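Below you'll find the structure, written out as structure tokens, and then a few comments.
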Amino acid sequence: MWCRRLVCLFKVPCQLSGSTRHCLLWLPHDRRTIFAAAARWHHTTPESLKCAWQLHGDHLELRYANTLMRFDFVWLRDHCRSASCYNAKTNQRSLDTASVDLGIKPKAVRVDETTLFLTWPDGHVTRYGLEWLVKNSYEGQKQQVMHPRILWNAEIYRQAQVPSVDCRSFLETDEGLKEFLQNFLLYGIAFVENVTPTKEDTEILAERISLIRETIYGRMWYFTSDFSRGDTAYTKLALDRHTDTTYFQEPCGIQVFHCLKHEGTGGRTLLVDGFYAAEQVLRQAPDQFELLSKVPLKHEYVENVGDCHNHMIGVGPVLNVYPWNNELYLIRYNNYDRAVINTVPYDVVHRWYAAHRTLTAELRRPENELWVKLKPGKALFIDNWRILHGREAFTGYRQLCGCYLTRDDVLNTARLLGLQA
């Protein structure tokens, strides 16, 4: 039965709903009469407390703030925030989870206007704020977005008139850095203006928000059309939209580009919001979206040029989603580096090709293409887990520098500034 307030159940480790006779079998004979009476009790509190609860055999059901939540008893004991179970100074668990009895049940439960109280068989008391439970329950997480975003095509982005951030403000003030990171988190791209066009100054810029991720391409790299690496990017040819380092087991999170010099024509940078395209697929063909999120593929980078000898392989689906709310967090799309498809049976391959064709058609819609001419002094930061980039062919000498950043550190910087990331 649903009650407005939890009360002590005379240390009864059984469920309230269902057969009372079944519950009574858990009790000594002289306590069965007491429990039979207690099981029929209804307790109410003022209507301002919009909370109701029910105990079951292995979990607590709680309705609060328009959310119906279910908490396993072991979960409730494991997440206790008391001083003996959780170190508030280090924000680390002290309780040995493996020591919790998998059959544990609370012997007493109580709720007031803000807090759930649980008393365990050994006398230990656990307290949970009701708001904390809503935020941290599975049902609450399903309703939340991990990373708020604004999905865009070219027109949406242009109409938003997202401002660039001045280099000095970016480097010297929290306000400038926060504005930059907010733009980056929402749109997946952000620009910094008035940067001195050198590799050294670009490095200082990157280190403002993150550690630089050193890869097989080095720490900071110069980028010219000298074919010094075994990659199409080191030519003057056009590059179709793609994400980088799909052949890493964990693709690089953020990419920084800064054009230091271009004496020629062409070479505009293409940017496409992969999440926007994936959202269109989800709406039009949810079965294909699901297939793209489940079929594992190999991406491969084989290089034997000069002193560079590498053979990298990364495995993962094209679309990566959080399983509890289906929120997309990573797109791994690079037709140049996709390896032989040998990770799925033949009867799935054809359906995958159809789904891949649907996604590719969305990614290639002209209205989704944002073209940007990179110039000396304007640095571009790209979320490589979301935004696909490419370029048109060019003539003349074109030199870029850049690097990859560790995603965790960028998000860490954003959270420390009060942003949701």
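The values are calculated or read from the model by the stated rules, or taken from the named source; none is laboratory data. What you see is a predicted model; the values in this text were computed from it and never measured. All Cβ positions, even for glycine, are placed from backbone atoms using ideal geometry, and neighbour counts span all protein chains on display. Only protein heavy atoms, including side chains, enter the accessible area calculation; ligands, DNA and RNA are left aside. Shrake-Rupley method; radii C 1.70, N 1.55, O 1.52, S 1.80 Å.
Dipole check for region 316-400: with +1 at the C-beta of Lys and Arg, -1 at the C-beta of Asp and Glu, and the Cα centre as origin, the magnitude is about 360 Debye. For A154, the shell of other residues with beta-carbons less than 12 Å away shows a net charge of -2, using +1 for Lys and Arg and -1 for Asp and Glu. How many angstrom separate the Cα center of region 260-282 from the Cα center of region 314-343? With region 260-282 and region 314-343 each reduced to a Cα centre, they are spaced 19 Å. Normalised size of region 65-204, defined as Cα radius of gyration per 2.2 N^0.38 Å with N residues, equals 1.63. Looking at region 120-214, none of the chymotrypsin sites (Phe, Trp or Tyr not before Pro) sits in a DSSP loop with at most 10 other Cβ atoms within 10 Å of its own Cβ. Binning all Cα-Cα separations of region 290-363 at 10 Å, short to long from zero, yields these whole-percent fractions: 17, 46, 26, 10, 1. Over all other residues within a Cβ to Cβ distance under 12 Å of A421, the charged ones net out to +1, with Lys and Arg as +1 and Asp and Glu as -1.
Where only DSSP H runs of four or more residues are counted, the chain gives -8000 deg cm²/dmol as its mean residue ellipticity at 222 nm, each run worth -39500 (n - 2.57). What the phi angles of region 69-79 give under the Karplus curve with 6.51, -1.76 and 1.60, with θ = phi - 60°, is a coupling list of 10, 10, 10, 4, 4, 5, 4, 5, 6, 5, 9 Hz, glycine and proline written as x.
For the chain, the residue among N325, L370, A206 whose Cα projects farthest onto the positive side of the dipole built from Cβ charges is N325.
Taking one quarter of the surface of the C-alpha convex hull of the chain gives a mean projected area of 26.9 nm². For region 51-139, the spread of Cα coordinates along the three principal axes comes to 32, 28, 22 Å, biggest extent given first. Note on surface exposure: M146, M220 rank M146, M220 by accessible area, highest first, 1.4 Å probe. Going by Cα centres, region 166-226 and region 119-159 are how many Å apart? Using only Cα atoms, the two centres lie 30 Å from each other. Loop-resident GluC sites (Glu not before Pro) (DSSP state other than H, G, I, E or B) in region 113-210 with no more than 14 further Cβ atoms inside 10 Å of their Cβ: E113. Of the trypsin sites (Lys or Arg not before Pro) in region 346-388, the ones in a loop by DSSP (not H, G, I, E or B) with at most 13 other beta carbons within 10 Å are R364, K373.
Among the listed pairs K261/K373; K107/K135; K178/K261; K178/K199; K107/K142, those with a Cα-Cα distance over 18 Å are K107/K135; K178/K261; K178/K199; K107/K142.
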